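Values in this text are rule-based calculations from the coordinates and carry no lab data. What you are looking at is a predicted structure, and each value in this text was computed from that prediction instead of being measured. Glycine gets a Cβ as well: all are built from the backbone with ideal geometry, and neighbour counts include every protein chain shown.
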Amino acid sequence: MKRRELMMVGASTALAHGVTTVMGCRAQGEAVAATTPAALVGDHADLRTEVMAAISECLRDGEVCLAQCLRLLGNGDTSMADCSKGVQQMLAVCGAVPALAAADSPRLRALLEVCAAVCEDCEIACRPHVSHHPECAACAASCKRCATACRAMLS
C-alpha cells in the first residue's frame, strides 16, 4: 500500500469514526447528564448539566474537526498539524470526564481543571483555521463553551 493510499484509508476511517461519534455523542451526553455524581450535585446541579452538554458538544465537534484535519494532512497540508494535535488531546481529556462523573470519582474536579485548560489550548490551535474551515470554527466555539462551563463548575 502506498503512502497516499494509507493516508486516505486513515482519513476515511477517521471520518467514519467521526460520523458514528456525532450520532452517538448526543445520546451519550444526555445519559451522562442524567446521572447525579456527588462531586457535581448540590448547588451546581444546573452547572453539571451544562458541563455535560458542553463536553458532549465538544466531543462531537472535535471528532468532525479531527477528521477534517486528517483529510487535509493526508493531502499534504501540514498547516493542520497543530490543530490536529490540539483536538486529539482535547478528545482524550473530554472523553474521560463522563466516565469519572459516572463513577463519582474524587478526581473529577481535578480533571475538570485539566479539561478547561485543554479546551482552551484546542480553541487556540483551531483559531487560525476558523475563517476557511467550518469544522475548526465549530470546534473552537465548542471548546470555548466547554472551558467556560468547566470553570464555572469549579468556582
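Ala67: net charge of surrounding residues, Cβ under 13 Å, Lys/Arg +1, Asp/Glu -1, itself excluded? Mind showing how you got there, number by number?
Working: positive: Arg60, Arg71; negative: Asp61, Glu63, Glu135.
Net charge in that neighbourhood comes out at -1.
Over the Cα atoms of the range 47-144, what Rg and Dmax result, in angstrom?
Using the Cα atoms of the range 47-144, the pair Rg, Dmax is 13.5, 44 Å.
Ranked highest first by average number of other Cβ atoms within 10 Å, how do 102-113, 53-64 line up?
53-64, 102-113
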